[in-house]
Amino acid sequence: MSRRQSTPTARGDLVLQAAVVRPDHFGRTHPDPREDPPTVVLDPSRAPTEELLQVGPETHRIPTVNGAASGHPGSVDPVGADPEGINPDSVDPDSEADTDGIPVVRPGGGAPDGRAMALSALIGSAGALIGWLVAAHLVPIDGVGDAQPVVSLLLLVGGLAPLAIRSMRRQRPGRLAWLALPVVAPVSAVVGLGCGLLVPRLGSAAAAPGLAPITGPLLVALGCAGWGVLSAHDGVLVAAGKPRWVLWRSALLVPAQIGALVALCGVAGLGAYGVVLSWLGPIGACVVLGIALVPVLVARTPVPAGEVATPAALSLVGAALLYHLVPVVVTVRFGPETGAAFFVAWQVFVVVDLAAAYTVHALSAAVVREPRRTAELVARARRRLLIVFLPVIALGVALAGPLLTAFGAAYAEAGDLLRLMLLGLAFRLVVTHELGVRQALGHGVGFDRLQLFGAVLVLVVAIALPVGAVGVTELRLVAIGYIIVQVACAAAVLVIPAARRTDVEVRAP
């Protein structure tokens, strides 16, 4: 074997040099040392170093995604979320690992909770339509037109208010329930007060007769703050795995609002001011009950997963703009009588649209339960959606006039407007199904962007429409613009290959 010795250099480095060549134990000599590779200079001062993290002997139990339970006693697993036969109770019960505060990851992104929220929105919208039907017989059409933008504004601002607590969604639901009032209420109140001051029609409709004009904007601010707290409580309940309480709140708010409407407008004869108060009173009562009960209901619930505590921002903004801001813009620009007729037709459209969205929400839960049947489930959901809602739309187009006549003769002029919007809704069924498919396959970003894009286009049409002769017939261009938007969105989701990719592999739990 050959020997090598090290010789220090002027820099203090070690240089390996070849020494005497001697035969090995087999009698063979080494090759000529001159054929050795070039000398390698080792410089310890330039050697990269990296500090290794010290791992303790005891670590927390890490929650598994898509299937296995986290092992925390307070975790909630959706029904049917264990298609592979994983037993959530199979976690070692003798483990002393502290899992308190570790996020609970739910399979499927909380699809059952999303379905509950969609059902809650459908119940609220259908109940509001019944309430406006009662108001149309108790209040003149101009009074309905004065009150409608105030109610739509508080639903708009309050519906967007939960975005204020998105940065705190990693907190426990119990703490979020307490933070809803001091965080969400001031933001909603400031926005509502600003809108009431900038748009005098909103403030005057909410002002009590004989009182100072400032009472109108103040009541608008209180209504926005109250609805914002209710929306935040809904998000907290869903994050805690208790969406059924959201349904109870919606089911109780509807009859309370209609009863207050009859008392204030039918008995007391307060007109538009009574319509506004019929919303503010029940909302205030629900806020008081929520402050008292919601923290108790979610007190022992662990920290939710990242996006379950609050809905996606783009989805919230898109739905709020489409459902609530469009009628506000129309009423402010075209007057209360025209705005009231448009709003009633628009509210019928919203109810049908939310019903279709609720039907598609079941697809996400079905894909979670049976991921291997994704293509079959997608086709079945599309078939069910078309079979149920195409006849409903056709019936609505045929009976649009008599349906609006039930509100009053002045509302029947919006029959053609409702027919056009229902025709656009037929194209929107394609969009609704594709959005449901994207949700089921986990493409939530595409869902949110398309929602917001369609809402903004409809809003642009309502803002850009020139104000000509005041009348419902002038608003046909808004409905035509809505049809064009829905046709464009339907073409987009059908042409883009990624939107039709039903054979995408779904991660099995």
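Looking at 437, 445, 388, which is the one that is among the hydrophobic types (A, V, I, L, M, F, W, C), open to solvent by 40 Å² or more (accessible area, probe 1.4 Å), assigned to a helix (DSSP H, G or I) and modelled with pLDDT under 80?
Criteria check complete, one pass: 445.
Does any residue of the range 209-223 turn out to be in a helix (DSSP H, G or I), among the β-branched types (Val, Ile, Thr) and more than 30 Å from residue 270 (Cα to Cα)?
No; the residues of the range 209-223 include none that is in a helix (DSSP H, G or I), among the β-branched types (Val, Ile, Thr) and more than 30 Å from residue 270 (Cα to Cα).
Looking for something surrounded by fewer than 23 Cβ atoms within 10 Å (Cβ to Cβ), farther than 30 Å from residue 146 by Cα and not small (Gly, Ala, Ser) - is there at least one such residue anywhere in the range 342-359?
For the range 342-359, residues surrounded by fewer than 23 Cβ atoms within 10 Å (Cβ to Cβ), farther than 30 Å from residue 146 by Cα and not small (Gly, Ala, Ser): present.
Please tell me if residue 365 is open to solvent by less than 20 Å² (accessible area, probe 1.4 Å), out of contact with any Leu (no Cβ under 9 Å at 6 or more places or on another chain) and modelled with pLDDT under 90.
yes
When you go through 241, 192 one by one, which is the residue that is buried (at least 21 other Cβ atoms within 10 Å of the Cβ) and either in a loop (DSSP other than H, G, I, E, B) or modelled with pLDDT under 85 (or both)?
Among 241, 192, only 241 is buried (at least 21 other Cβ atoms within 10 Å of the Cβ) and either in a loop (DSSP other than H, G, I, E, B) or modelled with pLDDT under 85 (or both).
From the list 181, 198, 202, 218, pick out the single residue that is loosely packed, with under 15 Cβ neighbours inside 10 Å and more than 18 Å from the chain's Cα centre (by Cα).
198
Inspect all residues belonging to the range 452-472 and state whether any of them is touching an Asp or Glu at 6+ places or on another chain (Cβ under 7 Å), β-branched (Val, Ile, Thr) and either modelled with pLDDT under 85 or part of a helix (DSSP H, G or I) (or both).
Just the residues of the range 452-472 that are touching an Asp or Glu at 6+ places or on another chain (Cβ under 7 Å), to begin with: 468, 472.
Subsequent filtering for residues that are β-branched (Val, Ile, Thr) retains 472.
Okay, now just the ones that are also either modelled with pLDDT under 85 or part of a helix (DSSP H, G or I) (or both), so 472.
Taking every residue of the range 452-472 in turn, at least one turns out to be touching an Asp or Glu at 6+ places or on another chain (Cβ under 7 Å), β-branched (Val, Ile, Thr) and either modelled with pLDDT under 85 or part of a helix (DSSP H, G or I) (or both).
Here's a check for you: in the range 397-410, which residue that is open to solvent by 10 Å² or more (accessible area, probe 1.4 Å), part of a helix (DSSP H, G or I) and out of contact with any Phe, Trp or Tyr (no Cβ under 9 Å at 6 or more places or on another chain) is nearest to residue 376 (Cα to Cα)?
Applying the filter and picking the extreme gives 397.
Pull up the range 288-302, narrow it to residues that are surrounded by fewer than 21 Cβ atoms within 10 Å (Cβ to Cβ) and among the β-branched types (Val, Ile, Thr), then point me to the one that is modelled with the highest pLDDT. Lay out the reasoning, then the answer.
Pass one, the range 288-302, residues surrounded by fewer than 21 Cβ atoms within 10 Å (Cβ to Cβ): 288-289, 291-293, 295-297, 299-300.
Now narrow it down to the ones that are among the β-branched types (Val, Ile, Thr): 288, 291, 296.
Numbers: 288: 93, 291: 90, 296: 87.
My answer is 288.
In the range 262-280, what residues are buried (at least 24 other Cβ atoms within 10 Å of the Cβ), closer than 12 Å to residue 134 by Cα and of a type in the set (A, V, I, L, M)?
Correct list: 275 only.
Looking at (1) loosely packed, with under 15 Cβ neighbours inside 10 Å; (2) at pLDDT 85 or above; (3) within 25 Å of the chain's Cα centre (by Cα), which one does residue 170 not meet, given that it meets all the others?
(2)
The values are calculated or read from the model by the stated rules, or taken from the named source; none is laboratory data. This is a predicted model, so every value here is computed, not measured. Please note: Cβ atoms are built from the backbone with ideal geometry, for glycine as well, and neighbour counts cover all protein chains shown. Just the protein is used for accessible areas: all its heavy atoms, side chains included, with ligands, DNA and RNA removed. Shrake-Rupley method; radii C 1.70, N 1.55, O 1.52, S 1.80 Å.
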